[in-house]
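Undergrad: Submitted below is the structure of interest, expressed as structure tokens.
Values in this text are rule-based calculations from the coordinates and carry no lab data. Quantities reported herein were computed from a predicted structural model and do not represent experimental measurements.
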Amino acid sequence: MRHLQFPFRAMALTSAIVSQLAGGSLVGVFLGKWVDSQFSTSPLFLILGLLLGLGAGTYGTIHLVQAYTGDD
């Protein structure tokens, strides 16, 4: 029965990685667009939000994979 668990754990890890990267980027873009609309600074905060979102997603993904593999 153990051999059936591995594909599901791999799918769960893959979907968590995708959601970390996509979610961080999307939140950054939407917040950046909102700030740009408030201050008429388009596309400054859109770009900053995208970069911060990518950074946050990457940071979260690194920690997720480290926890999954057991590395410190």
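Undergrad: Quote the relative contact order of the chain in percent (integer), defining contacts as alpha-carbon pairs under 8 Å separated by 6+ residues.
TA: 33
Undergrad: If you don't mind, another one. For region 1-70, what number results from the quotient of the Cα radius of gyration and 2.2 N^0.38 Å?
TA: Dividing the Cα Rg of region 1-70 by 2.2 N^0.38 Å gives 1.48.
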